[in-house]
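Peer 1: Just passing along the structure, written as structure tokens.
The values are calculated or read from the model by the stated rules, or taken from the named source; none is laboratory data. Quick caveat, the model's predicted, so the values are computed rather than measured. Note that we place each Cβ from the backbone using ideal geometry, even for glycine, and neighbour counts take in every protein chain shown. The protein model used for the area step is the full one, side chains on, heavy atoms only, and it has no ligands, DNA or RNA in it. Shrake-Rupley method; radii C 1.70, N 1.55, O 1.52, S 1.80 Å.
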Amino acid sequence: MAKKTLIIGGGIAGITAAQKIAQNGGTALLIEKEGHLGGNFAKLTYTFPVLADAKGIVTREIKTAEELAGIEILPRTTLESCRGEAGNFTVELGTPSGRRTEQVAAIVVAAGFHYMEPTAYTEYAYGRSAKVVTSLEFEKMAAEGRLPQGPARVVFVHCVGSRDKAKGYRYCSKICCSYSAKHAIMLKQANPEAKAYVFYIDIRALGKGYEEFIREAMEKYNVRYIRGRVAKVIESGDKLLVRAEDSLIGNPVEVEADLVVLASAMEPPQGSRALAGILGIATDEYGFFREAEANVRPCHSSKEGIFLAGSCTQPMEIAAAVAMGGLAASEALILSR
Ligand SMILES: Cc1cc2nc3c(=O)[nH]c(=O)nc-3n(C[C@H](O)[C@H](O)[C@H](O)COP(=O)(O)OP(=O)(O)OC[C@H]3O[C@@H](n4cnc5c(N)ncnc54)[C@H](O)[C@@H]3O)c2cc1C
Ligand code: SF4
């Protein structure tokens, strides 16, 4: 009987699953398609709801995983084939030094999410103007100290590609209300002279401290929240004109901006359907991995012995991805004893 667990994806969900397996006496083989661990967490500067140091936390968690004797990490590695059943799978891995075959008792899929490129939203001038960026690009600008200086105006636009069955996805991406507030606060902390505007449909911030965090953006940092959908972003000389309708008062509004930040949708990881095909597990209508039972078995896939962890099942924040990584690890350990 095989004893190892294969973990696919080295973001925080996969790292947590590997740590918990090793700390409980098991053995984890963690494969990551990129050259380094950390996933999307490693691209963040601070994390809501307390503006914690993202790079510091993710570096610490990677180091813990690297130092645990029960974890083998294989970067630039993908799953090529899988056969067998719960307790005894044979997997073939594509590694930089060629193919490698392993026997594993369980598999944890922690392939994360992809951040939508909002190119279909031509009305927002994304891809045409360098002053229109996604929220993930804003994280990079912040990390590199490239946020606008002086009395700049920055407009944050919610629900780009989410809650939009015409051009995007029907679902809500769950965390962009919170990270947009984080970005507005980061801007104001870096540059108190800047003005921040947030266009929203309604605020969804369900989590401990999330609602208070958004209130803080409004009340302590004077971020101006305007309820309404942005209709158009127009390039006007070296500025942008953001046109919307304030749906609370029913009037059109126009804000002149130096930077527009689009809170784009969190979508399924690239290649999720192909990976599901190799594993023989189900995806949902969007391509996220489908839970066997959303309520009480959220980390079970449609196949015994293959478990799910993190944002490859639905958009989620770090704390939820960590919780799911731990749960998937405990299920995998049952099969590896
Ligand atoms: C702009 C932005 C700001 C955010 N800010 C916050 C915040 O302040 N606080 C917060 O709690 N959350 C925040 N988040 C959410 C946070 O990024 C996620 O909760 C977290 O990254 C989810 O971790 P994960 O491990 O599920 O997925 P990911 O971080 O996506 O990691 C998945 C990993 O799997 C790898 N992978 C994918 N497919 C394969 C494959 N086939 N084979 C091998 N490896 C594969 C990927 O390369 C990646 O390394 C933010 C997200 C965005 C977009
Ligand atoms: S979390 Fe907020 S910004 Fe993101 S899709 Fe849901 S309502 Fe829109």
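Peer 1: So, for the range 244-337, what is the accessible surface per residue at a probe of 1.4 Å, expressed in square angstrom? Mind showing how you got there, number by number?
Peer 2: Values: 3920 Å² over 94 residues.
Using a 1.4 Å probe on heavy atoms only, each residue of the range 244-337 averages 42 Å².
Peer 1: Suppose we keep just the DSSP beta bridges with both residues in the chain; what percent of those would be antiparallel, to 5? Provide the component values of the computation, followed by the final result.
Peer 2: Values: 34 of 68 bridges.
Antiparallel: roughly 50 percent of the beta bridges in the chain.
Peer 1: Okay, moving on. Given a cut-off of 19 Å, name the pairs among Lys43/Lys63; Lys140/Lys188; Lys140/Lys220; Lys55/Lys182; Lys195/Lys239; Lys140/Lys232 whose C-alpha atoms lie farther apart than that in the structure shown. Write out the running numbers ahead of the final one.
Peer 2: Working: Lys43/Lys63 17 Å; Lys140/Lys188 16 Å; Lys140/Lys220 25 Å; Lys55/Lys182 16 Å; Lys195/Lys239 14 Å; Lys140/Lys232 25 Å.
Beyond 19 Å between Cα atoms: Lys140/Lys220; Lys140/Lys232.
Peer 1: If you don't mind, another one. Excluding Glu92 itself, calculate the net charge of residues whose Cβ lies under 13 Å from the Cβ of Glu92, where each Lys or Arg counts +1 and each Asp or Glu counts -1.
Peer 2: Numbers: positive: Arg83, Arg99, Arg100; negative: Glu80, Glu102.
Around Glu92, the charge tally is +1.
Peer 1: Shape of the range 115-266 from its Cα gyration tensor (a ≥ b ≥ c, root eigenvalues): rounded if a/c is under 1.5, otherwise prolate when a/b > b/c, or oblate?
Peer 2: Values: a/c = 1.23, a/b = 1.02, b/c = 1.20.
Here the range 115-266 falls in the rounded category.
Peer 1: What FRET efficiency would be calculated for the residue pair Glu304, Met218, taking the C-beta separation as r and a Förster radius of 35 Å, to the nearest 0.05?
Peer 2: On the way: r = 48 Å, r/R0 = 1.38.
With a Förster radius of 35 Å, E is 0.15.
Peer 1: Would you mind putting 228-236, 325-333 in packing order, based on average other-beta-carbon counts within 10 Å, highest first? Can you show the working numbers first?
Peer 2: On the way: 228-236: 16.0, 325-333: 22.7.
Result, highest mean Cβ count within 10 Å first: 325-333, 228-236.
Peer 1: Would you kindly state how much longer the chain becomes between Lys232 and Glu211 on full extension, computed as 0.36 nm times their sequence separation minus their alpha carbon distance, in nm to one decimal? Before the final figure, lay out each step's value.
Peer 2: On the way: separation 21, 0.36 × 21 = 7.56 nm, distance 2.85 nm.
In short, 4.7 nm is gained.
Peer 1: Just how far, in whole angstrom, is the range 223-248 from the range 283-327 if you go by their alpha carbon centroids?
Peer 2: So the separation of the two Cα centres works out to 37 Å.
Peer 1: Something else now. Output the 0 to 90 degree angle, nearest 10, between the alpha-carbon long axis of helix 54-67 and the longest principal axis computed from the alpha carbons of the chain.
Peer 2: Tilt of helix 54-67: around 10 degrees.
Peer 1: Additional query: Give me the angle, in degrees from 0 to 90, between the Cα long axis of helix 176-190 and the longest principal axis of the Cα atoms of the chain, rounded to the nearest 10.
Peer 2: Once rounded, one gets 60 degrees.
Peer 1: Computing the accessible area with a 1.4 Å probe over protein heavy atoms, can you report the carbon and sulfur percentage for the range 117-245?
Peer 2: In the range 117-245, the share of accessible area belonging to carbon and sulfur is 49 percent.
Peer 1: Sticking with the crude label model, points 7 Å out along Cα→Cβ, report the distance from Leu248 to Thr95 in nm, one decimal please.
Peer 2: Reported label-point gap for Leu248 and Thr95 is 5.8 nm.
Peer 1: With a 1.4 Å probe and all protein chains in place, put Arg128, Arg243 in order of accessible area, largest first.
Peer 2: Working: Arg128 140, Arg243 100 Å².
Per-residue accessible area, sorted high to low, gives Arg128, Arg243.
Peer 1: Taking the Cα centre of each part, how many Å lie between the range 34-85 and the range 89-140?
Peer 2: Between the Cα centre of the range 34-85 and that of the range 89-140, the gap is 14 Å.
Peer 1: Which of Met116, Met141, Met324 moves most in a GNM of the chain, Cα contacts under 10 Å?
Peer 2: Among Met116, Met141, Met324, the largest GNM mean-square fluctuation belongs to Met141.
Peer 1: Relative to the first principal axis of the alpha-carbon coordinates of the chain, what is the inclination of helix 318-336, with its axis defined by its Cα atoms, in degrees from 0 to 90 and to the nearest 10?
Peer 2: In the chain, helix 318-336 runs at an angle near 10 degrees to the longest axis.
Peer 1: Right, next: Name the residues of the range 288-304 whose amide N is less than 11 Å from a point 7 angstrom out from the Cα of Glu85 along the C-beta direction?
Peer 2: 304
Peer 1: Once you sort the root eigenvalues of the Cα gyration tensor of the chain as a ≥ b ≥ c, which label holds: rounded (a/c under 1.5), prolate (a/b larger than b/c) or oblate (the other case)?
Peer 2: Numbers: a/c = 2.29, a/b = 2.03, b/c = 1.13.
Since a/c reaches 1.5 and a/b is larger than b/c, the shape of the chain is classed as prolate.
Peer 1: Counting only DSSP beta bridges with both residues in the range 115-266, what percent are antiparallel, rounded to the nearest 5? List each step's numbers first, then the result.
Peer 2: Values: 14 of 32 bridges.
The antiparallel fraction comes to roughly 45 percent.
Peer 1: Let me ask something additional. What's the ranking of 65-74, 94-103, 283-292, 23-32 by average number of surrounding C-beta atoms within 10 Å, highest first? Numbers along the way, then the final one.
Peer 2: Working: 65-74: 16.1, 94-103: 11.9, 283-292: 18.1, 23-32: 20.6.
Highest to lowest by the protection proxy: 23-32, 283-292, 65-74, 94-103.
Peer 1: From the protein chains alone at 1.4 Å, what is the descending order of accessible area for Lys239, Lys174, Lys33, largest first?
Peer 2: Lys33, Lys174, Lys239
Peer 1: Still on this structure: Subtracting the Cα-Cα distance from 0.36 nm times the residue separation, let me have the gained length for Ala294 to Gln189 in nm, one decimal.
Peer 2: Numbers: separation 105, 0.36 × 105 = 37.80 nm, distance 3.95 nm.
Difference between extended and current length: 33.9 nm.
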